[in-house]
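Worksheet: one structure, shown below.
The values are calculated or read from the model by the stated rules, or taken from the named source; none is laboratory data. Predicted model only: the values in this text are computed from it and were never measured. Ideal geometry is used to build each Cβ from the backbone, glycine not excepted, and the neighbour counts take in all protein chains shown. All accessible areas refer to the heavy atoms of the entire protein, side chains included, with ligands and DNA or RNA removed. Shrake-Rupley method; radii C 1.70, N 1.55, O 1.52, S 1.80 Å.
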Amino acid sequence: MGLSGCYLCSKITITKNMKILKTFTFLLALTFGLVSCQDDRQARLYSEVRSVNKLQLSRMTVSKLATIDDLKLGEAENMKQALEALGDAMKVGKRVAAYSYDTYLTAYVDMSELSPEDVQVDEKARTITLNLPAIRTEYSGRDLGINEVHYRVTGLRSEIDPRERAGIKEMMNTALKKEVEEKPFFRDRLVSSAKAKAQTFFPALLGGGEEGYTVIVNFKE
């Protein structure tokens, strides 16, 4: 009896160890399965986001207004201008025109700078975190011509010719770009708008296919 009791005791002990070993193996396999699933999801999402390439998020129109008018005698900077101003003052009629000119700024993200580490999936928290490249801005074009806002030429005054229009267009373009570079207001507003668009775009892009996940969008500085 004593021998049988010892045998039974040993048998029970071995059986418990086997159950513990099986449970541990199952948990280990489950952990590896979750890690593998997370890695696959991250790789797929990275490929999907990276394929967007250059993503334009916001666009701004910056306008400049200028006028063509007779040069006043007091504004003349040399003798030639003084003579022209004096001649214009003696002519009958009015000669004045106003023109507007538009240049376009775009805010974008260069997705080619995105690395796999910038896309993180947390299966436990059910979140997808994107650490996107910094938003950049660029000039994306300008009007081919200028828009006539006001035009009045009366009496014996000469019409405003194409040379004058071309000249005032270049003056407005130069002044507009200088203003954009010197005043951060334009770029700050454009970047702010782009960030807001990104906070809507990426959750719609990824959240729709990843039901139940919260998409967190960050930007690198």
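Annotations for the structure displayed:
- Yes/no for residue 62 being modelled with pLDDT under 90, open to solvent by less than 70 Å² (accessible area, probe 1.4 Å), of a type in the set (A, V, I, L, M, F, W, C) and within 21 Å of residue 190 (Cβ to Cβ): yes
- You will find that of 76, 125, 98, the residue that is at pLDDT 85 or above and over 31 Å from the mean Cα position of the chain (by Cα) is 98 and no other.
- Taken over the range 133-142, the criterion of being without any contact (Cβ under 8 Å) to a residue 40 or more places away in the chain and either surrounded by fewer than 13 Cβ atoms within 10 Å (Cβ to Cβ) or not basic (Lys, Arg) (or both) is satisfied by 138, 139, 141.
Each row is one residue, and each column tells you yes or no for (1) out of contact with any Asp or Glu (no Cβ under 9 Å at 6 or more places or on another chain); (2) open to solvent by less than 10 Å² (accessible area, probe 1.4 Å); (3) touching a residue at least 12 places away in the same chain (Cβ under 8 Å).
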| residue | (1), (2), (3) |
| --- | --- |
| 101 | no, yes, yes |
| 112 | yes, no, yes |
| 124 | yes, no, no |
| 127 | yes, no, yes |
| 131 | no, no, yes |
| 144 | yes, no, no |
| 149 | yes, no, yes |
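- Of all residues assigned to the range 158-174, none qualifies as being assigned to a strand (DSSP E or B) and open to solvent by 50 Å² or more (accessible area, probe 1.4 Å).
- In the range 153-164 there is at least one residue matching the filter, namely being of a type in the set (Asp, Glu) and without any contact (Cβ under 8 Å) to a residue 12 or more places away in the chain.
- Per the listing 195, 177, the residue uniquely in contact with a Phe, Trp or Tyr (Cβ under 9 Å, 6 or more places away or on another chain), assigned to a helix (DSSP H, G or I) and at pLDDT 90 or above is 195.
- Taken as a whole, the structure places residue 204 among residues that are within 30 Å of residue 119 (Cβ to Cβ), surrounded by fewer than 13 Cβ atoms within 10 Å (Cβ to Cβ) and of a type in the set (Gly, Ala, Ser).
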